[in-house]
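Q: This is the structure I have questions about; it appears just below.
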Amino acid sequence: MIPATPTEMMTVAAARALQSTDVCFVGIGAPSAACNLARLTHAPGITLIYESGTIGTEPDVLPLSIGDGELCDTALTTVAVPEMFRYWLQGGRITVGFLGGAQIDKFANLNTTVVGDYAKPKVRLPGGGGAPEIATHCGEVFITMAMGNRAFVSKLPFITSMGHGEGGDHRLRLGVKTKGPTRVMTDLCILEPDPVSRELMVTSLHPGVTREQVQEGCGWPLQWAVDVATTPVPADEELTVLRDMHARTKKAHGVAG
Amino acid sequence: MRPIRELPVATLMSLKDAVAAHVRSGDSVAMEGFTHLIPFAASHEIIRQGIKDLTLIRMTPDLIYDQLIGMGAARKLIFSWGGNPGVGSLHRLRDAVEAGWPGPLELEEHSHAAMANAYEAGAANLPFAVFRGYVGTDLPKVNATIKSVTCPYTGEQLATVPAIRPDVSIIHALKADRRGNVLLEGILGVQKEAVLAARKSIVTVEETVDDFGPRNANTVILPGWTVTAIAAVPGGAFPSYAHGYYKRNNAFYITWDKIARDRETFQAWMTEHVLNKRPEDYAQHGRAA
């Protein structure tokens, strides 16, 4: 077996965070790969929900968009989008929201809106989509994104979806009772918020990754857990299922998804 | 005795006539379809007819508004996620926002939850939508239409956005029958809400049938008296898809990234594939898959 690439390690680490009993609101891209890997390995009972209204979907190939026909064809049921956001997300029926982002800060707030000034942006990003409310309505939020000091930044130019705000009990002070981001799975490590300050700290390093590498990929001085674990190497089964899924996806629509 | 009231029902007409009769420069227009059933043929007809200065409303601008924006048809965009799904940027949207090409574009930016609620409020004839949202985000700082209200029962602060009431909503559906009723199945998005929220509506369909025949009792039907005009345009949702007719052309979505990245390449593509085409040319995309 060819060893896992950093991206594969990230997807496997993200998939492992999910359980069979989860009801998961899936973002497109990296989260979608992780959620379906979990469904096809250790979490066969997981309910995957995409914002296009598909509930309990079991796609054979990864969707390119959140509304591919494959999602509807394999779903338990498909509801209209207002119902999805009102009854299912706002209704508090989702245990995990799985998000990616362009930029993240040390309190796991996310930016997917602009780089630079909003009125005169250097880079106009797609915007929030479902994320602003996914971030506050789901029981907890997992985030997966690759590290790099343009992505992990000390100050976000724009907060699209709230993580732990300014830290501490900021969410609670705004009346938000859900946990918010509890885990960030990257290509180098896993980060979790400190129980009190809510600042992200590294809790697990992927095999072969050094602390220096992780710090280089982050725009703020990182906090480290007292005992930093080593993320278990991906099992052959995890890698085989992931690679097969990407191969089917590439065959179906020309990109790996 | 009650006077006999005439029930206006949807008129079956050509797409060209429907757009000419019901879409004016300066209108607010919602073209909906959440990944599925995106009314591309109708948007191309708007471009061919040179209709300009539009306020375009749509949760996910997608390629359909990238094209309208790049062709200079839009004055303002009301939206919640402006990317090419699974591929990357909408380059024409970005060029308009970042560089003002081909002209300035005013943005009114929301979250999906807000837009979905706002369409529903429009359909329900309410002035605004109320929901739990926008907590801890910067969006209210850049969008003055996002406000809040205090719940009269609990005192909770709730987010509000104005109802969406387009001059015209345009959707693509699967079938229409001879009485102008419209049938939708699969991923429904906010199409029903968009039509019921609008002053007028145009629906393009894959096919017209005499009668829908046996169907599930919960199939989504828009009665003919809720729709203004219907045009049969087989393949009219390409490169998005029509449930049971043809699949989403994901390869085209990937190709679009290259086409739209460059202004000249974009203009050449639009001239060849939109300006020099007619609605009938969509038929090649129907039923094939």
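The values are calculated or read from the model by the stated rules, or taken from the named source; none is laboratory data. The shown structure was predicted, so the numbers you read here are calculated from the model rather than taken from an experiment. Glycine also receives a Cβ, built like all others from the backbone with ideal geometry; neighbour counts cover every protein chain displayed.
Q: Which residues, counting only those in region A:53-65, are buried (at least 24 other Cβ atoms within 10 Å of the Cβ), at pLDDT 95 or above and not β-branched (Val, Ile, Thr)?
A: A:Gly53
Q: Something else now. For region B:26-144, give me every one of the strands (runs of 3 or more DSSP E) that falls completely inside it and has 1 or more residues that are within 7 Å of chain A (Cβ to nearest Cβ) and over 27 Å from B:Thr255 (Cβ atoms).
A: Passing ranges, in order: B:106-109, B:128-131.
Q: From the residues in region A:116-140 that are of a type in the set (Val, Ile, Thr) and farther than 17 Å from A:Arg150 by Cβ, which one is farthest from the other protein chains (Cβ to nearest Cβ)?
A: Step by step, filter region A:116-140, then rank; the result is A:Ile134.
Q: Another question, if that's okay. Can you find a residue in region A:87-103 that is over 30 Å from A:Met147 (Cβ atoms), small (Gly, Ala, Ser) and either within 12 Å of another protein chain (Cβ to nearest Cβ) or surrounded by fewer than 24 Cβ atoms within 10 Å (Cβ to Cβ) (or both)?
A: yes
Q: Inside region A:73-84, can you point out the residues that are assigned to a helix (DSSP H, G or I) and in contact with a strand residue (DSSP E or B) (Cβ under 8 Å, 6 or more places away or on another chain)?
A: Matches in region A:73-84: A:Met84 only.
Q: Now for a separate question. Those residues that are of a type in the set (Ser, Thr, Tyr), closer than 19 Å to B:Pro140 by Cβ and assigned to a loop (DSSP other than H, G, I, E, B), I need them from region A:138-169; list them, please.
A: Of everything in region A:138-169, just one residue is of a type in the set (Ser, Thr, Tyr), closer than 19 Å to B:Pro140 by Cβ and assigned to a loop (DSSP other than H, G, I, E, B), namely A:Thr160.
Q: Identify all residues within region A:19-70 that are among the hydroxyl-bearing types (Ser, Thr, Tyr), outside any helix (DSSP H, G or I) and in contact with a Phe, Trp or Tyr (Cβ under 9 Å, 6 or more places away or on another chain); write none if there are none.
A: Once the filter is applied, which keeps residues that are among the hydroxyl-bearing types (Ser, Thr, Tyr), outside any helix (DSSP H, G or I) and in contact with a Phe, Trp or Tyr (Cβ under 9 Å, 6 or more places away or on another chain), region A:19-70 yields A:Tyr50, A:Ser52, A:Thr57, A:Ser65.
Q: Of the conditions (1) within 14 Å of chain B (Cβ to nearest Cβ); (2) farther than 30 Å from A:Phe85 by Cα; (3) of a type in the set (Val, Ile, Thr), A:Val196 fails just one. Which one is it?
A: (1)
Q: Would you mind finding the one in B:Gly133, B:Gly103, B:Gly122, B:Gly88 that is surrounded by fewer than 19 Cβ atoms within 10 Å (Cβ to Cβ) and either polar (S, T, N, Q) or within 29 Å of A:Trp88 (Cα to Cα) (or both)?
A: B:Gly88
Q: Would you mind finding the one in A:Thr95, A:Thr77, A:Thr144, A:Thr112 that is in contact (Cβ under 8 Å) with a residue 12 or more places away in the chain and touching a Ser or Thr at 6+ places or on another chain (Cβ under 7 Å)?
A: Among A:Thr95, A:Thr77, A:Thr144, A:Thr112, only A:Thr112 is in contact (Cβ under 8 Å) with a residue 12 or more places away in the chain and touching a Ser or Thr at 6+ places or on another chain (Cβ under 7 Å).
Q: Tell me which helices (runs of 4 or more DSSP H) are completely within region B:187-289 and hold 3 or more residues being at pLDDT 95 or above, over 18 Å from the mean Cα position of the chain (by Cα) and within 14 Å of chain A (Cβ to nearest Cβ), or say none if there are none.
A: B:250-261
Q: Here's another thing I want to ask about it. Which count do you get for residues in region B:183-228 that are of a type in the set (Lys, Arg) and buried (at least 16 other Cβ atoms within 10 Å of the Cβ)?
A: 2
Q: From the residues in region A:86-137 that are in a helix (DSSP H, G or I) and of a type in the set (Phe, Trp, Tyr), which one is farthest from the chain's Cα centre (by Cα)?
A: A:Tyr87
Q: Can I ask one more? Would you tally the residues in region B:1-35 being touching a Leu at 6+ places or on another chain (Cβ under 8 Å), within 23 Å of B:Pro234 (Cβ to Cβ) and not aliphatic (A, V, I, L, M)?
A: Total satisfying the criteria: 1.
Q: In the list A:Gly168, A:Gly175, A:Gly208, which residue meets the criterion of being within 14 Å of another protein chain (Cβ to nearest Cβ), of a type outside the set (S, T, N, Q) and exposed (fewer than 14 other Cβ atoms within 10 Å of the Cβ)?
A: Only one candidate passes the filter, namely A:Gly175.
Q: Which condition from (1) surrounded by 14 or more Cβ atoms within 10 Å (Cβ to Cβ); (2) in contact with a Phe, Trp or Tyr (Cβ under 6 Å, 6 or more places away or on another chain) is the one that A:Ser154 breaks?
A: Failing condition for A:Ser154: (1).
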